[in-house]
Amino acid sequence: MLEKKVQLKLKTPLWTGDRNRVCSELKETAILGSIRWWFRVIARQYGVQCCASESKFDSRRYKEKIAEEQKNGGNFYLSTSREGFSKRISAQLEALNCHCPECLIFGTTGRRKPFDLRVSGWEVVDLDYPDYLNGENTSINFMVRKYLNGEKGLKGFWQKEDFLTLNFIDIQSMDADNYFKILMYILFQISRLGSLGAKTQSGFGVFQIYYDGLMDEESKLLKEGKELFHLVIEEAKKIQKKEDKNQNEEIYPELNDMYFYRAKLNKSNLETILKKVYSKKTRKQLYCISQKKQYYHTGLLLRYYLRQQFKYKGIGDQVVVKEDKKRLVKYLFGGNIGEDINFGSKIYISDIYQVGEHENNNFPWEFKFWCWIPDDLNGGAPVKSFSTNSEAVINSIKSELMNLIKIDEFQIENIEPLDETDS
């Protein structure tokens, strides 16, 4: 049995939720589900299908494949080489009725995932939202109830000391180390691009990886994890192409249609945001809290601001009827249209977090924002008179944030995914 530990340094609080849709205790399933979602997003950019329905692993078919190989003089099942791993992956993918790499790594009916996850080193923290937006009668409690399903006194999670620890345990497969490296590759991508856990659209779950504190080890692990990830993807592509599976018409997130940014903030920018959000008394209280925790709860509120701007102004120079503006907002930010159509959020904004010492860094604070915007919104948006592309949406988001925070264009940086061609 192999046990591996990964240390995470949280930049913003973590949210996981429970069956009552509140964050009362940390749930490993939410962490694992988030990793699985990102695996799916990254895999799809290479033309691999990840199933969106029930799948099943045929263990008898896999055993027959092993027997056939042994009959022909091969013994891939016992080989610890990279070639042996590749052949086992191929046989297991063929035994899955969906031939899906996601089900291979994370388990499905008839196939237990080759690892378990336990999280340690966390503590419960209060989420200090003010009652009202500063200078407005807009109730923040209303937004907290609507988007976080909670009341005043809402809780989140933070590292108890220096780190939050992910413990990958009970890895009983002979390919345990390979699976762990693939998971680490996905975690490195999440750390760079987005965030972990649930309710990430409202600011939660930004983190940084500390693996044994050794940069050389991190580089080696990332390189090997990337190679193994692509090995699995290539095997899945071969089998899915051979089976000539029909493409699903529904649009799913993939990395090619996602855009990632960070907004760098100086002290003046930070004060501008906080003055718009918090009263003077509340700002003073939160400043003391932030010196220890090094974050401000602003993701939910900045996202609310963007939603309101899009709702009343539309996007860019586009002119749409009032009803279509409402539908577009629900398509981008999440919401229901009628009884049958429900959209999840496509725009995510993190809380503000500290990235360096104030006296040594001109931009000691930042927040990330990222979007999943299919290039042709008409392909999925339920609007009749609206037609635009992803560039118009991204430019509108940048423009509105720049106007609100009073930042220059150079303070918004594009974040590229880890270089897929780097070896």
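The values are calculated or read from the model by the stated rules, or taken from the named source; none is laboratory data. Here the structure is a predicted model, which means the values were calculated and not measured. Neighbour counts are summed over all protein chains in view; Cβ atoms, including those assigned to glycine, are modelled from backbone coordinates with ideal geometry.
Here are some notes:
- Figure legend. Inter-residue proximity from the stretch 76-90: first residues over 15 Å from K181 (Cβ atoms), second residues surrounded by fewer than 12 Cβ atoms within 10 Å (Cβ to Cβ) and at pLDDT 80 or above, beta-carbon distance below 6 Å, spacing 6+ or different chains. No pairs are indicated.
- Candidates are the residues of the stretch 333-376 that are at pLDDT 80 or above and of a type in the set (S, T, N, Q); the one that is surrounded by the most Cβ atoms within 10 Å (Cβ to Cβ) is S350.
- From the list I394, I407, I415, the one residue that fits, being buried (at least 21 other Cβ atoms within 10 Å of the Cβ) and either at pLDDT 75 or above or under 26 Å from F188 (Cα atoms) (or both), is I407.
- Candidates K284, K267: the one that is of a type outside the set (F, W, Y), closer than 30 Å to E161 by Cβ and either modelled with pLDDT of 70 or more or surrounded by 19 or more Cβ atoms within 10 Å (Cβ to Cβ) (or both) is K267.
- Pairing each residue of the stretch 250-264 that is under 22 Å from R36 (Cβ atoms) and in a helix (DSSP H, G or I) with any residue that is of a type in the set (D, E) and at pLDDT below 90, provided the two are 6+ apart or on different chains, yields C-beta distances under 8 Å for D257/D375.
- Cross-chain or 6+ apart pairs with Cβ under 9 Å, the stretch 297-319 first and more than 16 Å from I273 (Cβ to Cβ) and hydroxyl-bearing (S, T, Y), then modelled with pLDDT under 85 and assigned to a helix (DSSP H, G or I): Y312/K325
- Summed over the stretch 210-234, the residues that are buried (at least 18 other Cβ atoms within 10 Å of the Cβ) and either at pLDDT below 90 or touching a Leu at 6+ places or on another chain (Cβ under 6 Å) (or both) give a count of 3.
- Every residue from the stretch 14-40 that is touching a Phe, Trp or Tyr at 6+ places or on another chain (Cβ under 6 Å) and modelled with pLDDT of 90 or more: L14, R36
- A43, sole failed condition from (1) at pLDDT 85 or above; (2) surrounded by fewer than 20 Cβ atoms within 10 Å (Cβ to Cβ); (3) within 26 Å of L183 (Cβ to Cβ): (2)
- Residue in the stretch 249-260 that is modelled with pLDDT of 90 or more and of a type in the set (S, T, Y) present: yes
- Within the stretch 302-324, considering residues that are more than 29 Å from N269 (Cβ to Cβ) and part of a helix (DSSP H, G or I), the one modelled with the highest pLDDT: D324
- Extreme residue, farthest from R111 (Cα to Cα), among residues of the stretch 56-85 that are buried (at least 17 other Cβ atoms within 10 Å of the Cβ) and among the hydroxyl-bearing types (S, T, Y): Y77
- Verdict on R40 being within 29 Å of the chain's Cα centre (by Cα) and in a helix (DSSP H, G or I): yes
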